[in-house]
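The values are calculated or read from the model by the stated rules, or taken from the named source; none is laboratory data. These numbers were taken from a predicted model, which means no experiment stands behind them. Note: ideal-geometry Cβ built from the backbone for every residue, glycine included; neighbour counts use all protein chains shown. Side chains included, ligands, DNA and RNA excluded: accessible areas come from the protein's heavy atoms. Shrake-Rupley method; radii C 1.70, N 1.55, O 1.52, S 1.80 Å.
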Amino acid sequence: MIYLQLFYEFFKTGLFAVGGGLATLPFLYSMSDKTGWFTYGQLADMVAISESTPGPIGINMATYVGFTTAGIPGSIIATLGLVAPAIVVIIIVAGFLKKFQNNQYVQNVFYGLRPASVGMIAAAFVSVLTMSVIRLDLFQISGVWTDLFSIPGILLAAVVYVLTNKTKWHPAFFLLGSAIVGIIFQF
Amino acid sequence: MKNEYLDLFLTFARIGGLTFGGGYAMLPILQREVVEKRGWATENELSDYYAIGQCTPGIIAVNVATFIGNKRKGVLGGIIATFGVVFPSLVIITLIAAFLQNFADLEIVKHAFAGVRVGVCVLVFNAVVKLWKKAVIDIPTGIIFALVLLVTVFLDVSPVILVVAAGIAGIIVQGTRKAVKK
């Protein structure tokens, strides 16, 4: 029963992959080895598409692998499998938090956790920065210093920065605008 | 009552559809839709949810959606918010997988996404600044922030270890403060 197996494999991934969406990758490689549902090459294509479509990468990956393996029901079942452990665990954790939110120790823990959480998100920002405004990825391939700074990228970033701080426009507007600028100026 | 669940689903579907990248890319949209527009959570609660999402099973985007849905409308709310956040992916990826296998190789898509990444970069920067103002409130929290940022960028340390260490640091710092006061 492929659906059951698909659910089981993605449930396992959802249970053991901790962190962002790309944390699912090692599990998908071993799934490929074990089941032969898809090849490493297909997986690489799936990552590229998951990164260049709306939606969190982890979900996109599960949907894609599920669809490749067993069509539309497969995509739904794989995604459900991936999110099921997270839903259960978070609902339990949230219950505990509610019960102990006024506990002094819990508050002290969060006093330390909050800046750490912001630090980790700031690190994620650094990694997007080195793939967008600063092109560390291109520089590593070519070794040419001028590849490191993309002038149109820096200009776009400056304009978006000023507008986001001067206006109350919805973030969606800036995403769409950035896409159009990217197409027109061949980013 | 029914409308509140629908609202939860539609809000998270919008958030999922506007997320380009990992769970961190969801943050600016979450701040706008959930914190500023609807008041369903505070900036500090978002930091808490991300911290817990980093060290619990499952991808962060789902963890955060479940947290907020559950806070709003209990267990069913958590499930509905999660279904909302995955819904756009299901539709879009299925369509692309069925009809546009070479989607990521199209020149126009490449340029559009190189542009979007610049936009995401700035939006995430603004989002981090907002959280930073609420979370980094004194010297110890400043040190924790700087250490975690540096370690994550330059070393390969599991977020689980960082979260546990930061929690312990919080207990020690606040505990010694109390002791000094007494």
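Within the shell defined by Cβ-Cβ distances under 12 Å, the residues around residue B:124 carry a net charge of +2, with Lys and Arg each +1 and Asp and Glu each -1. The mean sequence distance of close C-alpha pairs (under 8 Å, at least 6 residues apart), as a share of the length of the stretch B:2-135, puts its relative contact order at 33 percent.
Enumerate by residue number the chymotrypsin sites (Phe, Trp or Tyr not before Pro) in the stretch A:69-174 meeting two conditions: DSSP loop (anything except H, G, I, E, B), and at most 14 other Cβ atoms within 10 Å of the site's Cβ.
Here the sparse-neighbourhood loop sites are A:169.
Considering only alpha-carbon pairs that sit under 8 angstrom and 6 or more positions apart, the relative contact order computed for the stretch A:2-100 is 37 percent. Computed over neighbours whose Cβ is under 12 Å from that of residue A:118, the net charge equals +2, Lys and Arg +1, Asp and Glu -1. With a 1.4 Å probe and all protein chains left in place, how much of the accessible area of chain B comes from carbon and sulfur atoms, in whole percent? Reported share for carbon and sulfur atoms: 70 percent.
Of the residues in the stretch A:12-41, those shielded by at least 30 Å² of accessible area once partner protein chains are present, compared with the chain alone at a 1.4 Å probe, are A:18, A:19. Any idea which of A:35, A:76, A:102 is furthest toward the positive side of the dipole for chain A, if Lys and Arg beta-carbons carry +1 and Asp and Glu beta-carbons -1? The residue sitting farthest along the positive end of the dipole is A:102. The alpha-carbon positions of the protein assembly as shown define a convex hull whose volume is 146 Å³ per residue. Rounded to the nearest 10 degrees, the inclination of helix B:159-181 to the longest alpha-carbon principal axis of chain B is 30 degrees. For the stretch A:104-121, backbone phi angles converted through the Karplus equation (6.51, -1.76, 1.60; θ = phi - 60°) give residue-by-residue couplings of 4, 5, 4, 5, 5, 4, 5, 4, x, 5, 4, x, 5, 4, 5, x, 5, 5 Hz, Gly and Pro being listed as x.
Applying both filters, DSSP loop and at most 14 other Cβ atoms within 10 Å, to the trypsin sites (Lys or Arg not before Pro) of the stretch A:104-186 gives A:168. Remark: relative contact order (the stretch A:104-184) = 18 percent; criterion is Cα-Cα distance under 8 angstrom and separation of 6 or more residues. With the Cα gyration tensor of the stretch B:1-86 giving a ≥ b ≥ c as the square roots of its eigenvalues, does the rule (a/c under 1.5 for rounded; else a/b larger than b/c for prolate; else oblate) give rounded, prolate or oblate? Rounded. The trypsin sites (Lys or Arg not before Pro) of the stretch B:58-136 include none that DSSP puts in a loop with a beta carbon having at most 15 other beta carbons within 10 Å.
Probe radius 1.4 Å, ligands and nucleic acids ignored: give me the carbon and sulfur share of the accessible area of chain A as a rounded percent.
Ligands and nucleic acids excluded, carbon and sulfur reach 71 percent.
Summed over the residues of the stretch B:2-135 and divided among them, the accessible surface reaches 35 Å² per residue at a probe radius of 1.4 Å. Accessible area buried by the pairing of B and A, both sides summed with a 1.4 Å probe, works out to roughly 7800 Å². With each run of n ≥ 4 DSSP H residues scored as -39500 (n - 2.57), what mean residue ellipticity at 222 nm is computed for chain B after dividing by its residue count and rounding to the nearest 500 deg cm²/dmol? Helix-only estimate at 222 nm: -26500 deg cm²/dmol. Panel note: contact residues of the stretch B:105-121 (accessible area lowered by at least 50 Å² against the chain on its own; 1.4 Å probe) correspond to B:111, B:117, B:118, B:121. Take chain A with all the other protein chains still there, run a 1.4 Å probe, and you get 48 Å² of accessible area per residue.
Working note: 222 nm ellipticity from helices only, DSSP H runs with n ≥ 4, each -39,500 (n - 2.57), summed and divided by the residues of chain A, gives -26500 deg cm²/dmol to the nearest 500.
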